[in-house]
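The next block holds one structure in the form of structure tokens; read it before the comments.
Derivation of every value follows stated rules applied to the coordinates shown; laboratory data play no part. The structure displayed is predicted, hence computed values, not measured ones. In this analysis, Cβ positions are derived from the backbone assuming ideal geometry, glycine residues included, and neighbour counts consider all displayed protein chains.
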């Protein structure tokens, strides 16, 4: 059965271009052009992934749809945008998309982003080891206390945003010093280091497996500037994001 993808785009030329690419690559595609039609398609078409234009009707209606998807259903979506300014990227981060496609885009950009999103969705639902739970979740189940598990799940869910220790303390239900001491004891690193490592692992995966620009990846991971992300990546990997990508994408 073909994977169902809903394209929410009010520019007919763009939606036709995307549909042509997806049809050629074996996807089942439906197109709609508004918030109302998108919500209807969730029940009638039942998509497995959504490509979503941010600026529907010039009203940022796409961000409203993203907020709805984030709060009401566990359905991955990728934003289509012609905007890459900091304020717009900050705004859309809160809706937790699984990726971004910047106009103008190439066929390989679309397909790689879709394949990565679908792979991550399958890994989350079915488990990387094929028996319904991921190896990481099994390890957490046996190794970590419930408050630490809640903190780790919060980090995983919000990895594309800035995560503050205060939020993890609240989720755990422990006092500040007890949480930090127990986190380091159970996980082996401080909360800050764990978050940093997880962000850099995801950044490395995106650099290897997608054609997102370094700037897009930076904002996708909650960094407010390209330079702060680059400095962090160099600190972690010893090379810049651009050099890392060249090394693995020859």
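What is the stretch 195-248 by shape, rounded, prolate or oblate, if you read a ≥ b ≥ c off the alpha carbon gyration tensor as root eigenvalues and call it rounded for a/c under 1.5, prolate for a/b larger than b/c, and oblate otherwise? Write out the running numbers ahead of the final one.
Values: a/c = 1.32, a/b = 1.15, b/c = 1.15.
Verdict is rounded for the stretch 195-248.
What number, rounded to the nearest 500 deg cm²/dmol, is the helix-based mean residue ellipticity at 222 nm of the chain, given -39500 (n - 2.57) per DSSP H run of at least four residues and division by all its residues?
Numbers: 13 runs with 150 residues, N = 250.
Helix contribution divided over all residues of the chain: -18500 deg cm²/dmol.
Relative to the longest principal axis of the chain, what angle (0 to 90°, nearest 10) does the C-alpha long axis of helix 12-24 take?
That helix lies at roughly 70 degrees to the long axis.
Using a simple spin-label model with points 7 Å from Cα along the Cα→Cβ vector, what separation in nm is obtained for residue 37 and residue 170?
Inter-label distance under the simple model: 3.9 nm.
Working out 0.36 nm times the residue gap between residue 225 and residue 186, then minus their Cα-Cα distance, what length gain in nm do you get to one decimal? Don't skip to the end; give the middle numbers.
Numbers: separation 39, 0.36 × 39 = 14.04 nm, distance 3.23 nm.
That works out to 10.8 nm of additional length.
For the stretch 38-59 and the stretch 155-200, what is the separation of their C-alpha centers, rounded to whole Å?
Computed from Cα coordinates, the inter-centre distance equals 34 Å.
With a 10 Å Cβ neighbour count serving as the proxy for reagent exposure, in which order, fewest first, do 196, 105, 233 appear? If you can, show how the numbers build up before the last one.
Details: 196 15, 105 18, 233 26.
With the sparsest Cβ surroundings first, the list reads 196, 105, 233.
What order do you get for 7, 98 when you list them from fewest to most C-beta neighbours inside 10 Å?
Working: 7 26, 98 20.
If I rank by nearby Cβ atoms, fewest first, I get 98, 7.
Going by alpha carbons, how many degrees (0 to 90, nearest 10) lie between the helix axis of 226-237 and the longest principal axis of the chain?
Here the helix axis deviates by roughly 50 degrees.
Grab the Cα-Cα distance for residue 25 and residue 102, subtract it from 0.36 nm times how many residues apart they are, and report the gain in nm with one decimal. Walk me through the intermediate numbers first.
Values: separation 77, 0.36 × 77 = 27.72 nm, distance 2.00 nm.
Contour length minus the Cα-Cα distance gives 25.7 nm.
Subtracting the Cα-Cα distance from 0.36 nm times the residue separation, let me have the gained length for residue 246 to residue 91 in nm, one decimal.
Numbers: separation 155, 0.36 × 155 = 55.80 nm, distance 3.04 nm.
Working it through step by step, the gained length comes to 52.8 nm.
What do you get for Rg/Rh of the chain when both radii come from the Cα atoms and Rh is the Kirkwood radius?
Values: Rg = 19.0 Å, Rh = 19.4 Å.
Ratio of gyration radius to Kirkwood radius for the chain: 0.98.
Going by C-beta contacts inside 10 Å, put 176, 199 in order with the fewest on the left.
Details: 176 12, 199 22.
Starting with the residue having the fewest Cβ neighbours, the order is 176, 199.
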